[in-house]
Structure formats: structure tokens, C-alpha cells
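Take a look at the structure set out below.
The values are calculated or read from the model by the stated rules, or taken from the named source; none is laboratory data. Being a predicted model, the structure only gives us computed values, none of them experimental. A quick note on method: Cβ atoms are made from the backbone with ideal geometry, for glycine too, and the neighbour counts reach across all protein chains shown. Note: areas computed on protein heavy atoms with side chains; ligands, DNA, RNA excluded. Shrake-Rupley method; radii C 1.70, N 1.55, O 1.52, S 1.80 Å.
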Amino acid sequence: MKQQFTRPVSVIGTSTLGQRYFDDPEYEGLSIYELWACACHQAMDDANVKPKDIDKVVYSQFANFVTAGNAMAMVGPLEEWAGVAGKPITHIEQACASGYIAFTEACNAVASGKADIVLCAGVETPKHFNARNQPAYMLQPIKNYEGWWSPGRVLFDTTYYRFDGVSDNLLTEEQGKYYQKHYGISEDTIDETYNAMAVNLRYNASHNERAVERKPYPEIAKENGYDDVMEYMRSDKNPKITQYIRKSGSVVHNVAAGAVIVCSADIAKKFQKKPVQVIDHASSSNTQRHPYCFHQMNVDVKDALYKNQEGLKGSDLDLMVTTVMTSGEQLDSAEVFGYLPEGKGYQYELDGRTRFDADTPINPHGGDLSFGHAFGAAGINMISEAILQMRGEAGGCQVPKDVNTCLVRGMGGGHTTVGILLENQK
């Protein structure tokens, strides 16, 4: 692929913290400051750099006064805990696309020549918040907050804009409607496809020690008295929460922190034996007033990414990692970017061909439905999983072929989509 930056950029470090719930015994007594610092130091150790080597920090968090206390109040403690106090820091808040946008900003800082090495790191605890006048590690469940926080309320000001998603789970409902309308697929087939997708992603996650949900659905089905996993997936044990989406097809929220380090490609091999080059990135922002908004943003980003890559087809890529807030998002993005054939991708899910050990792997780490999704930190962790795959260091969920090229596609808030092309540096 043709690198698109004036000054080439490479990834030299990444963190590998697991996705967890904050009531996990592993996190007892831990504050989000410490979690963020742990991710930063993991990435720095992986890149063989010291805090003094970092020129700039880009920090992502879907921050608000409930879950984080205050975004600006976080900056000082975060920098000190990570050992990078005094460095310039930029905070990115772009809903669930925050981590992806932070990564592109880090790349731009290096590409411009303003920085040689940039730390990009995010943290999120979407189900808990810092109570006033209590130590930072004493997090409280969000249900204790009087206002009952929800992503929809944070993302959309209903005074001026009608949030027509109705509920958080309806954000990507339109993709089932689009698929049915344009390709003549029955609603029952879409249901089977989404169920198969959830099973495939959980299969991937069951092999990934970093995933938050790892129990395979066939095992869950047997525990509930079903010998046929798909019969269980169609049952009231896995109820529909929208017209198309079942419980298994809705994002899993968890706490997480992640970090990635980028640097100028010409010095990358001084720090990392297996640097990954950033070929290009693109983004699109729209509103849900646009018909099939999510699909259109995928089209916009695909066009922007591919226009400078003569002859590139999505099917040429070795791997696709994509946000999957709800089931339809994975199918739509995979087809728009050409990784799966248009109007036929559903059959790949039904046949299990998107599993990490099959011929067209998507989200080998388990995706947001099983790996976990921690809002502002999610994009960074998705990029980290892609980097691990490209290095051949993803552990039990490692794709059993060389992964030299990868497309990372992310979405946030129903208004921003990001695409990133990666290639192993020669």
C-alpha cells in the first residue's frame, strides 16, 4: 500500500491490559488513574522508551462529570502517574470514536514533524463514577447516581436535536433495515445471521484471555437445557431488544485502559523489532437525520481511504477489525469496505468464515459484543488488538496466517466513523 504521510509514521508500542468489570477481584482498590498509568507503562516498556522520550500525549476519554469527575481535573494526575508530567497533552472526546481520533491526532503530530514519539492513551469506566469527597479508588456503581447516566443523554442535546435512536440499543438498528431493503434478505435470515455473528465473536473471545466475556455460547446453551446453540440463540433466553437485535447482539460495557505509542518510521526499528506502519486514516461525521447515516459514513470513509490506494480492494486485506456496537454494524462495514462481498456477507457469518481461525477473520479478539467496549478507551484497544495480530503476538486468538495488512474501522456516537490502514513495516 502507498503511505500517505509526508513523514511516515509507525506504531512501536502497545498495552495488553485485559477488559474487565470493575467488581473484578483483580481491580479491587484500583483507581482509574492507576489503571491508565499501567497501560501507559506497558506501552512504553513494549516500545523500549522511557517517559522522558515522549514528546506529546494524546488522551482519550468519553469524559463527563458523572463517570470521570471532570476531564480537566483528570489531566494532572494522569500525567504524573504515567511519568510524563510537563509534556503537552491533548484531550479527545468524540464519544466511542475518541480512541480512534486520538490515534489519528498522535499520527498527525509525528507526521507534521512537531513530535518524534507520541503516547496515545485512553481510560474509561462507564458503569461507575467517582463519588465526591472520597478517594479515587472508591468508585460507585452508576445506578447510585441520581441522574442515571446513559450514552444517549450525553451524546444528544434533545432541546435542539431529536435523538431518533429512541434508546441506546437502537443506534445501529437501521443497518438491518438497510440490508433487508437492498438485498432482499428476510428478517428471519437476518436474525440467524446476527445470532451466528454473536456465536462467532464469542468463539473468538473464548480464545482471548484479554476478553471480558469468554464462555462460548454452545456451553451457555447447554447450561440452559439446549443442545442446539442456534435454538438457544432464538429463544426467550436471548430476547430481542429491538426489531432486529437480540441481547447477544448488543455491546458489552466494561472498564478499560489502553495505550499505543507512535513514532517517525525512520527511527521505529531502533525501538521495536516489529513496527507497524500507519498507511493512512480518514474519518467522516454525519447526523442521524441523514438516511442510513451509519452506512453512509462507512461509504465516505472507504472512499477517502481507497482513493489514494490504486487497485486496492478490501478483499486484498489480511484482516479487518471493526467496532460492532450492535450486530448490524459488523456486517455493514465489512461489506462497504469490500472485505466481504456486497449483499453476501451474511452467508460468511452463517458458515463461520469470520472466526479468527477461518479464511476471512473479522474481530479475532471477540469484538465489542464479547471482548468488551469501554467507550473512550475502546478505539485504542481495538488498534492494540490489530497490532498484536500483525506482530503474531495475539495469543490464543492469533489468526493462523501472516497478517501483513489490516483495516481498523471505528464508530462513535452515531456521528463519527474512522478508518485506519496498517501494514507491517519492511
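Taking the stated definitions as given, is THR326 among the polar types (S, T, N, Q), within 30 Å of GLY184 (Cβ to Cβ) and at pLDDT 95 or above?
Values: among the polar types (S, T, N, Q): yes; within 30 Å of GLY184 (Cβ to Cβ): yes; at pLDDT 95 or above: no.
No: the conditions fail for THR326.
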Exercise. So which pairs qualify, if the first residue must be in region 199-225 and farther than 24 Å from SER15 by Cβ, the second must be buried (at least 24 other Cβ atoms within 10 Å of the Cβ) and among the acidic types (Asp, Glu), the Cβ gap must be under 7 Å, and the two must be at least 6 apart or on different chains?
Worked result: ASN200/GLU349
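Open to solvent by 50 Å² or more (accessible area, probe 1.4 Å) and closer than 21 Å to ASP368 by Cβ: does that describe ILE220?
Working: open to solvent by 50 Å² or more (accessible area, probe 1.4 Å): no; closer than 21 Å to ASP368 by Cβ: yes.
Against the criterion (open to solvent by 50 Å² or more (accessible area, probe 1.4 Å) and closer than 21 Å to ASP368 by Cβ), ILE220 does not qualify.
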Problem set entry | Index of the failed condition, THR14 passing every other in (1) open to solvent by 60 Å² or more (accessible area, probe 1.4 Å); (2) in contact with an Asp or Glu (Cβ under 7 Å, 6 or more places away or on another chain) | (1)
Exercise. So which residues in region 392-421 are of a type in the set (Asp, Glu) and more than 18 Å from SER206 (Cα to Cα)?
Worked result: ASP402
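Can you report the number of residues in region 384-408 which are basic (Lys, Arg) and over 21 Å from ALA43 (Cα atoms)? Talk me through it step by step, then tell me what you get.
Residues of region 384-408 basic (Lys, Arg): 391, 401.
Right, trim to over 21 Å from ALA43 (Cα atoms) and you get 401.
Result for region 384-408: 1.
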Problem set entry | Close pairs (8 angstrom Cβ cut-off, 6 or more residues apart or separate chains): within 15 Å of ASP318 (Cα to Cα) and among the basic types (Lys, Arg) in region 400-426, in a strand (DSSP E or B) and open to solvent by less than 10 Å² (accessible area, probe 1.4 Å) anywhere | ARG409/MET320; ARG409/VAL321; ARG409/THR322; ARG409/THR417; ARG409/VAL418; ARG409/GLY419; ARG409/ILE420
For this session: From (1) touching a Cys at 6+ places or on another chain (Cβ under 7 Å); (2) within 22 Å of GLN330 (Cα to Cα), pick out the condition that doesn't hold for VAL260.
Result: (2)
Exercise. Is there a residue in region 364-375 that is among the hydrophobic types (A, V, I, L, M, F, W, C), part of a loop (DSSP other than H, G, I, E, B) and within 23 Å of ALA259 (Cβ to Cβ)?
Worked result: yes
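On the basis of being of a type in the set (Lys, Arg) and modelled with pLDDT under 65, does LYS127 make the cut?
Values: of a type in the set (Lys, Arg): yes; modelled with pLDDT under 65: yes.
When the stated conditions are applied, LYS127 passes them.
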